[in-house]
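Trainee: Dropping a structure here in structure tokens format, bear with me for questions.
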Amino acid sequence: MRIPDSCLFHTHFPPDLPLEMEADHLRRPHPSTYHQNMPQIPAGQTLLIDADDTLWENNVYFERAIAAFIGFLNHHEYSPAEVRATLNACERDTILAHGYGLNSFTRSLLDCYERLGASPVTAEHENKIKSFAHAIAEQEIELMPGVAETLAALATRHRLILMTKGNHAEQADKFSRSGLAPHFAAIEIVAEKDAQTYAEVMERHGLPSRKGWMIGNSPKSDINPALAAGLNAVFLFHKDTWVLEHATLNSAPEGQQLIELDGFSRLVELF
Ligand SMILES: [Mg+2]
């Protein structure tokens, strides 16, 4: 059987990549990755599936809003890269205090404006900045290629659970508008995807260690903590994954699997 280049079966990643290598590492598999035949996973699995940038586009809308914000600032002292770095720092702080979601994003833009400026934001500028975030809320749901057909096929053989983090109302609304709800047995909207959260979800759904799978695009939120909690994982690369979700992929612990696929529709070959 020919082994497709895009089916990568990871058992090892080099530890502690230098920082400047991390972005490159996210763009393509590391040469130390080796290939094996695509494993065939039997029916009856529980598949936890991420939503944003796994089932539908999300981060690209935030990137557009940020580009509009940086253009609007047109800062004379700070380069676009410096503005972006400040915004990233604001977002980290806001998320810690207020969680994910559009309100937090709006707050981060306003914080960034004030950190980089000498004066508080005017009402006129505040409205302009809020409009960048509002544009995100008005986006139609744009499914990733093959998602609807793939979920329909997977749902005939496996139990599917949506596993997303963020603002509860915003995530539930996107899920409802996606039309994908009939394929899922349950939905989990959590504040943060850490190992403890995965352990709680596994407990809630009667999922023993090493028996379930987490599928998603974020090394930081979908793969590393799921592996730490005892799940197997499928990493689906997305070129527009949010910078705050970047991390080096951990290797799978003994007895667990980590598989990388280059598109959502390829999940039917595995499951
Ligand atoms: Mg995601």
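Trainee: Does residue 133 satisfy the criteria of being buried (at least 18 other Cβ atoms within 10 Å of the Cβ), more than 21 Å from residue 54 (Cβ to Cβ) and modelled with pLDDT under 95?
Mentor: It is true that residue 133 is buried (at least 18 other Cβ atoms within 10 Å of the Cβ), more than 21 Å from residue 54 (Cβ to Cβ) and modelled with pLDDT under 95.
Trainee: Same structure, new question: Consider residue 99 carefully, then state whether it is surrounded by fewer than 13 Cβ atoms within 10 Å (Cβ to Cβ) and either under 23 Å from residue 241 (Cα atoms) or touching a strand residue (DSSP E or B) at 6+ places or on another chain (Cβ under 7 Å) (or both).
Mentor: Considered against the rule, which asks whether it is surrounded by fewer than 13 Cβ atoms within 10 Å (Cβ to Cβ) and either under 23 Å from residue 241 (Cα atoms) or touching a strand residue (DSSP E or B) at 6+ places or on another chain (Cβ under 7 Å) (or both), residue 99 comes out as no.
This table checks each residue for (1) among the hydrophobic types (A, V, I, L, M, F, W, C); (2) under 24 Å from residue 203 (Cα atoms); (3) within 16 Å of the ligand (Cβ to nearest atom); (4) touching a helix residue (DSSP H, G or I) at 6+ places or on another chain (Cβ under 9 Å).
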| site | (1), (2), (3), (4) |
| --- | --- |
| 232 | no, yes, no, yes |
| 239 | no, no, yes, yes |
| 243 | yes, no, yes, yes |
| 246 | no, no, yes, yes |
| 252 | yes, yes, no, yes |
| 261 | yes, no, yes, yes |
| 270 | yes, no, no, no |
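Trainee: In addition: How do the pairs read when you match residues in segment 69-92 that are over 17 Å from residue 110 (Cβ atoms) with residues anywhere that are β-branched (Val, Ile, Thr) and surrounded by 15 or more Cβ atoms within 10 Å (Cβ to Cβ), using Cβ under 6 Å and keeping only pairs 6 or more apart or on different chains?
Mentor: Close Cβ pairs (under 6 Å, with a partner that is β-branched (Val, Ile, Thr) and surrounded by 15 or more Cβ atoms within 10 Å (Cβ to Cβ)) amount to 80/70.
Trainee: Would you say residue 266 is in a helix (DSSP H, G or I) and either free of Cβ contacts under 8 Å to residues at least 40 places away in the same chain or surrounded by fewer than 21 Cβ atoms within 10 Å (Cβ to Cβ) (or both)?
Mentor: When the stated conditions are applied, residue 266 passes them.
Trainee: Residue check: is residue 240 in the same structural domain as residue 38 (by TED's automatic domain parsing) and either within 21 Å of residue 61 (Cα to Cα) or of a type in the set (Lys, Arg) (or both)?
Mentor: Details: in the same structural domain as residue 38 (by TED's automatic domain parsing): yes; either within 21 Å of residue 61 (Cα to Cα) or of a type in the set (Lys, Arg) (or both): yes.
Criteria met by residue 240.
Trainee: Can you find even one residue in segment 101-122 that is in contact (Cβ under 8 Å) with a residue 40 or more places away in the chain and not in a helix (DSSP H, G or I)?
Mentor: The answer is yes, given that some residue of segment 101-122 is in contact (Cβ under 8 Å) with a residue 40 or more places away in the chain and not in a helix (DSSP H, G or I).
Trainee: Among the numbered conditions (1) under 26 Å from residue 97 (Cβ atoms); (2) without any contact (Cβ under 8 Å) to a residue 12 or more places away in the chain, tell me where residue 181 comes up short.
Mentor: (1)
Matching residues to (1) closer than 22 Å to residue 218 by Cβ; (2) small (Gly, Ala, Ser); (3) in the same structural domain as residue 184 (by TED's automatic domain parsing):
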| site | (1), (2), (3) |
| --- | --- |
| 51 | yes, yes, yes |
| 76 | no, no, no |
| 80 | no, no, no |
| 83 | no, no, no |
| 87 | yes, no, no |
| 92 | yes, no, no |
| 119 | no, yes, no |
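Trainee: In the list 252, 233, which residue meets the criterion of being outside any strand (DSSP E or B) and surrounded by 15 or more Cβ atoms within 10 Å (Cβ to Cβ)?
Mentor: On inspection, the qualifying residue turns out to be 252.
Trainee: Six or more apart or on different chains, Cβ atoms under 6 Å: show the pairs whose first residue is in segment 153-177 and at positive phi and whose second is buried (at least 22 other Cβ atoms within 10 Å of the Cβ) and β-branched (Val, Ile, Thr).
Mentor: Between residues of segment 153-177 that are at positive phi and residues that are buried (at least 22 other Cβ atoms within 10 Å of the Cβ) and β-branched (Val, Ile, Thr), there is no close pair.
Trainee: Right, here's the next one. Check off (1) of a type outside the set (S, T, N, Q); (2) surrounded by 15 or more Cβ atoms within 10 Å (Cβ to Cβ); (3) within 22 Å of the chain's Cα centre (by Cα) for residue 126 and give me the number that stays unchecked.
Mentor: Against the list (1) of a type outside the set (S, T, N, Q); (2) surrounded by 15 or more Cβ atoms within 10 Å (Cβ to Cβ); (3) within 22 Å of the chain's Cα centre (by Cα), residue 126 comes up short only on (3).
Trainee: Is at least one residue of segment 205-222 of a type in the set (Gly, Ala, Ser), crowded, with 17+ Cβ neighbours inside 10 Å and in a loop (DSSP other than H, G, I, E, B)?
Mentor: Taking segment 205-222 and keeping what is of a type in the set (Gly, Ala, Ser), we get 206, 209, 212, 216, 218, 221.
Going one step further and asking which of them are crowded, with 17+ Cβ neighbours inside 10 Å, we end up with 212, 216, 218, 221.
From what's left, in a loop (DSSP other than H, G, I, E, B): 218.
Yes - at least one qualifying residue is present in segment 205-222.
Trainee: Test residue 218 against the criterion of being within 16 Å of the ligand (Cβ to nearest atom) and among the small types (Gly, Ala, Ser), and give yes or no. Don't jump to the end; show me each part of the working.
Mentor: Working: within 16 Å of the ligand (Cβ to nearest atom): yes; among the small types (Gly, Ala, Ser): yes.
Yes; evaluated as a whole, the condition is true for this residue.
Trainee: Of everything in segment 145-158 that's in a loop (DSSP other than H, G, I, E, B) and touching a Gly at 6+ places or on another chain (Cβ under 8 Å), which residue is farthest from residue 51 (Cα to Cα)?
Mentor: Step by step, filter segment 145-158, then rank; the result is 157.
The values are calculated or read from the model by the stated rules, or taken from the named source; none is laboratory data. Not measured: the values here are computed from a predicted model. Glycine also receives a Cβ, built like all others from the backbone with ideal geometry; neighbour counts cover every protein chain displayed.
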